[in-house]
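Shown next, in structure tokens, is the structure this report addresses.
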Amino acid sequence: MTKIGTRTILIVPMLRSDELIGTLALARHRIEPFTEKEIEVVMDFAAQAAIALEITRRERELRELQMELARVNRIATMEQLSSSIAHEVIQPIATARNNARAAQNFLEMKPANLGEARKRSTLLWPQPIGPETLSTGSKITLKKRRRRWSGST
């Protein structure tokens, strides 16, 4: 049995919106024209193949868009979370700063208002500060401040 080359070929365009996106070829090893019915079947198949390719392309685009949307949503969630954390951290710091300023203002009054200064400083440290929470240098500074607030030097 010898190999015979292609003797008859039918090439049908695959179109999407009148734009060529590919071709579908059918070959015979003998010289025999394709019938109108065969040509019609191949053209229908080419049209269906073009539709299938378009559906596949759109599905891929949809998956890519969904992945991008998921990424943008993760970024937005992280932005909201970091903003919330920043607020939760900054709010107590700002309150402590304001109470420290108020205590300082009460101490600088003539005469010093020690009661209000103590109240504001208590708001800075709602729990008594013990030796386990302070370094040695901080303990000495705190003792000096307590003596000043109580009126002794």
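Structure data summary
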| item | result |
| --- | --- |
| Test: Ala46 is surrounded by 14 or more Cβ atoms within 10 Å (Cβ to Cβ), among the hydrophobic types (A, V, I, L, M, F, W, C) and not in a helix (DSSP H, G or I) | no |
| Selected residue [acidic (Asp, Glu), assigned to a helix (DSSP H, G or I) and surrounded by 13 or more Cβ atoms within 10 Å (Cβ to Cβ)] from Glu54, Glu64 | Glu54 |
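We did not get these values from a lab; they are worked out from the coordinates using the rules stated. Please read all numbers here as calculations on a predicted model, not as lab measurements. Neighbour counts run over all protein chains shown; Cβ positions are idealised from the backbone, glycine included.
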